[in-house]
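Colleague: My questions all concern the structure below.
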Amino acid sequence: MSTSSTATAPKKSRRKRRPKDPNKPGRFSQISTLYKGAVKQNPRIPLWMALAFLVGFLPLLLIGLAWGHPFYLGFIGLMVGLLLMMIVFGRLAERAAYSQLDGQPGASGAALGALRRGWFVEQEPVAADAGRARNPRDMGSAAMVFRAVGRPGVVLIGEGPKANASKLLNSEKKRVERVVGPEVPITIYRVGQGEDTVAVSEITKRMGKLDKKLTTAEVTAVNKRLRALGTKRPPIPPGMDPRNARPDRRGMRGR
């Protein structure tokens, strides 16, 4: 009597892998692009990276030579040096990105892209006043207001000439107060150089130090109310898109 055995076929995974986008640059390509852009802004970045590597590598190597374990401690020093080098590169690349944004229309909105989780950020200005600008080259007289909502409340960031930006910020603050009520804190910053201003590189740091007043559920509710409020801005001259200025988020976070 013959017995037949049936081989069990291996189960196919139901999870489909997403095909790689050939047009999307790889991680090494992104790092290379970020490095070239940062060095263009600050040519001393390679020098600082080399010094950071030596600070992490040489002491451990010398200790290894003194103890008779140069390969073991030298390898650890190599890892420490590479780590310090990447940390220094991340910080300097962040500064280079901010320096490139400084003075550009939409710089504050671009800086908000580096915020951590927990913030709702509008990609476009919620209010704008083009002033006398008629083309993208004359946008120096334009004022814009960007908005972010988080546990500290609502944050309004204005940029542009002092008079126009201050007027636009006060107007937008009144609009927001009518929607969210007096119990939601509203913080105002004006980006620029001089008194009563905040540098572009300091915006996210200032926002991170604000006291948390709202719960996560309240933040979501406030954001929905403000999204329903819409925007209030006249047309910006053709060819001017403040969304075009965007720094690399990974580079700005030092990752």
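Colleague: Of everything in the stretch 176-198, what is closer than 13 Å to VAL222 by Cα and surrounded by fewer than 20 Cβ atoms within 10 Å (Cβ to Cβ)? Give them in sequence order.
Modeller: Matches in the stretch 176-198: GLU177, ARG178, VAL179, GLY181, PRO182, GLU183, PRO185, ILE186.
Colleague: Being open to solvent by less than 100 Å² (accessible area, probe 1.4 Å) and at pLDDT below 75 is true for just one of GLY37, GLY77, GLY68. Which residue is that?
Modeller: GLY37
Colleague: State which residue pairs qualify: first residue among the β-branched types (Val, Ile, Thr) and inside the stretch 55-77, second residue in a helix (DSSP H, G or I) and surrounded by 13 or more Cβ atoms within 10 Å (Cβ to Cβ) in any location, beta carbons under 7 Å apart, and separation of 6 or more residues or different chains.
Modeller: VAL55/LEU84; ILE63/LEU73; ILE76/LEU60
Colleague: Taking the condition in a strand (DSSP E or B) and modelled with pLDDT under 90, does GLY140 pass?
Modeller: Judged against the criteria, GLY140 is not a match.
Colleague: From the list LEU73, LEU51, LEU65, pick out the single residue that is closer than 16 Å to MET86 by Cα, among the aliphatic types (A, V, I, L, M) and not in a loop (DSSP other than H, G, I, E, B).
Modeller: Every option except LEU51 fails the conditions.
Colleague: Still on this model: Are there any pairs, at least 6 apart or on different chains, whose C-beta atoms fall under 9 Å, with the first in the stretch 31-47 and more than 15 Å from ILE87 (Cα to Cα) and among the polar types (S, T, N, Q) and the second at pLDDT below 75 and open to solvent by less than 40 Å² (accessible area, probe 1.4 Å), and if so, which?
Modeller: Correct list of pairs: GLN41/ALA96; GLN41/ALA97; ASN42/ALA96.
Colleague: Under 6 Å by Cβ, and 6 or more places apart or on different chains, what pairs join a residue from the stretch 182-201 that is closer than 11 Å to GLU159 by Cα and of a type in the set (Phe, Trp, Tyr) with one that is open to solvent by less than 30 Å² (accessible area, probe 1.4 Å) and modelled with pLDDT of 80 or more?
Modeller: Matching pairs, first to second residue: TYR189/ILE157; TYR189/VAL198.
Colleague: Limited to the stretch 205-220, what total is found for residues that are open to solvent by less than 100 Å² (accessible area, probe 1.4 Å) and in a loop (DSSP other than H, G, I, E, B)?
Modeller: Total satisfying the criteria: 3.
The values are calculated or read from the model by the stated rules, or taken from the named source; none is laboratory data. None of these values were measured; they are calculated from a predicted model. FYI the Cβ positions are ideal-geometry reconstructions off the backbone, even for glycines, and counts take in every protein chain you see. To get the accessible areas, we keep the full protein, side chains included, count just its heavy atoms, and leave off ligands, DNA and RNA. Shrake-Rupley method; radii C 1.70, N 1.55, O 1.52, S 1.80 Å.
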